[in-house]
Amino acid sequence: MSFFAMGFLLVILQPSTGQFPRACANTQSLLRKECCPPWDGDGSPCGEISGRGSCQNILLSLAPLGPQFPFSGVDDREDWPSVFYNRTCKCQGNFMGFNCGECKFGFSGQNCTEIRLRMRRNIFSLTTQEKDKFLAYLNLAKNTPSKDYVIATGTYAQMNNGSNPMFRDINVYDLFVWMHYYASRDTLLGGFNVWRDIDFAHEAPGFLPWHRVFLLLWERQIQKITGDENFTIPYWDWRDAENCVVCTDEYMGGRHPTNPNLLSPASIFSSWQVICTRSEEYNSQQALCNATGEGPILRNPGNNDKSRTPRLPSSAEVEFCLSLTHYESGPMDKMANYSFRNTLEGFADPRTAISNISQSGLHNALHIYMNGSMSQVQGSANDPVFVLHHAFVDSIFEQWLRRHRPMLEVYPAANAPIGHNRENYMVPFIPLYRNGEFFKSSRELGYDYEYLQDPGLGSFQDFLIPYLDQARQIWAWLLGAAVMGGVIAVMLTGLILACRKKRRGTSSEIQPLLIESEDYNNICYQSNF
């Protein structure tokens, strides 16, 4: 790409969504613990003058956590993002973003009032032109610096509690690789000590909502740097696949002719450098990944440990997973039995839903099968197959939501592993998103999957979405009103019957059983109602 083209892109880039806003990565913001940048439209913090939002204190969840993390006050990600900031922008209506300068997912237009529903499609249903454009967009993201976000290269303590900021620039694609690393990295305890049993994006209830937000933000970022508002992430339907059919030079990169662990030189991805793959090195140095290039993408699909993952997942296994009625169960981690989340994530047997961490099923199976960069959790997003895979995993999550139609209360409010309760904010996103906010249909978030479409219902559902969303927000009030209405109806019916009885002047000696029978039936009817 020419320097002129790169400069032009930097000029037209709009605010992006990622981790530390550049406007807040400075001593003043860190010491004040405030991240409320001005919106360019009116120059006021959070666009307050225009009614977009205001700078407010963060409200943290006080719900108890599970026992998996026995520490407190040792990890910057605890009670995210309060270690760094305790005041951020709270946006109003359909506005969103670290400065309320964007629209919520599913909305667009100058005032964010236009409803948009975009379609994610199977990568093999794309035309050659569409497929080539997708690959070009990926490469553009890898070579375009993020205009509005930076990454942290040190912990808050290493930053001397904010007085010595440690941040650096990063390209758009690697920003998301780094965020995936940061959410899943080990806790640094000092010396050579770390705590490995912690993950803010995996092995717990937030696995599916977290990756849903991750893909939505990634998708939006591509839309911005390309100017293609209709762009959506394609998915790879890997059910019953006999091999990695996307691992060709035409798609995500074929096998190197002389080194089976590398990509073919004919693939644009063969020149990519990975980041954040050396977790043991970071742990020994008590340091964070600083996004320095660490070598090429590694991938050797199918030459994995067959005792753990003998093959790619089957349609029957996905269908069994979808039949599970409980989203979460038991300890709500990788030992959970009969849990839809744990079975889809791959820590439970996809034929029995019993936890078996010696095997890797469904989601995990694909990662292990790819046998390379994809197989190491913290650095797995380096391989662009990651987005195709997780788009399909998200579509299975969507199928389950539509089939079982769970209330929000189905998502655990308390006692989940750290960072995974319903009201916890997701690490490391700024602006802030709670886990429970994405436990709902994708159509309410502005996207759908091609293979899940019901042509007869499409337009009708598009019409209903905003009303259903409003009903969801006030359902508790509606329920209370219905109960009160029932009580009032019972009282009125009793009063009417009493008046009728008095007016008739009927003697209990003449018709005691008839009146007794009428009253009993009426009371039972009202009670049942």
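The values are calculated or read from the model by the stated rules, or taken from the named source; none is laboratory data. On a predicted model such as this, the values are computed, not experimentally measured, just so you know. All Cβ positions, glycine included, derive from the backbone under ideal geometry; neighbour counts span all protein chains shown. The accessibility values were calculated without ligands, DNA or RNA, using every heavy atom of the protein model including side chains. Shrake-Rupley method; radii C 1.70, N 1.55, O 1.52, S 1.80 Å.
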For the stretch 120-452, what mean projected area does the convex hull of the alpha carbons give, in nm²? 16.6
Potential lengthening between Glu114 and Glu319 on full extension [0.36 nm per residue; Cα-Cα distance subtracted]: 70.2 nm
Using the structure shown, list the pairs from Lys90/Lys142; Lys133/Lys224; Lys142/Lys334; Lys104/Lys131 with a Cα-Cα distance above 22 Å, or answer none. Lys90/Lys142; Lys142/Lys334; Lys104/Lys131
For Leu59 and Arg308, what is the calculated FRET efficiency with R₀ set at 51 Å and r taken between the beta-carbons, to the nearest 0.05? 0.75
Where q = 0.16 Å⁻¹, what log10 of I(q)/I(0) comes from the Debye formula for the stretch 200-291, counting one point per Cα? -1.14
What ranking do 436-448, 227-239, 256-268 get when scored by the average of other Cβ atoms within 10 Å per residue, highest first? 436-448, 227-239, 256-268
Here, Leu452 and Ala414, labelled 7 Å along Cα→Cβ, have an inter-label distance in nm of 3.1
Just how large is the dipole of the stretch 120-452 about the Cα centre, in debye to the nearest 20, putting +1 at every Lys and Arg Cβ and -1 at every Asp and Glu Cβ? 80
Fraction of accessible area attributable to carbon and sulfur, the stretch 120-452 (%, probe 1.4 Å): 50
Counting only other residues whose beta carbon sits under 13 Å from that of Asp169, what net charge do I get with K and R as +1, D and E as -1? +1
Using packing as a proxy for protection, rank 198-205, 300-307, 409-416 so that the peptide with the highest average count of other Cβ atoms within 10 Å comes first. 198-205, 409-416, 300-307
Fraction of antiparallel bridges per DSSP, the stretch 120-452 only, in percent to nearest 5: 85
If amide hydrogens are placed 1.01 Å from N in the peptide plane, which non-local residues have theirs closer than 5 Å to the one on Tyr235? Arg121, Asn122, Ile123
Counting Lys and Arg as +1 and Asp and Glu as -1, what is the net charge of the other residues whose Cβ lies under 13 Å from the Cβ of Cys35? +3
Around Arg52 (Cβ within 14 Å, Cβ-to-Cβ, excluding Arg52; K/R +1, D/E -1) the net charge comes to -2
Stretch Tyr156-Asn290 to full length: gain in nm at 0.36 nm per residue minus the Cα-Cα span? 46.8 nm
Points 7 angstrom from Cα along the Cβ direction at Asn261 and Gln92: gap in nanometres? 5.8
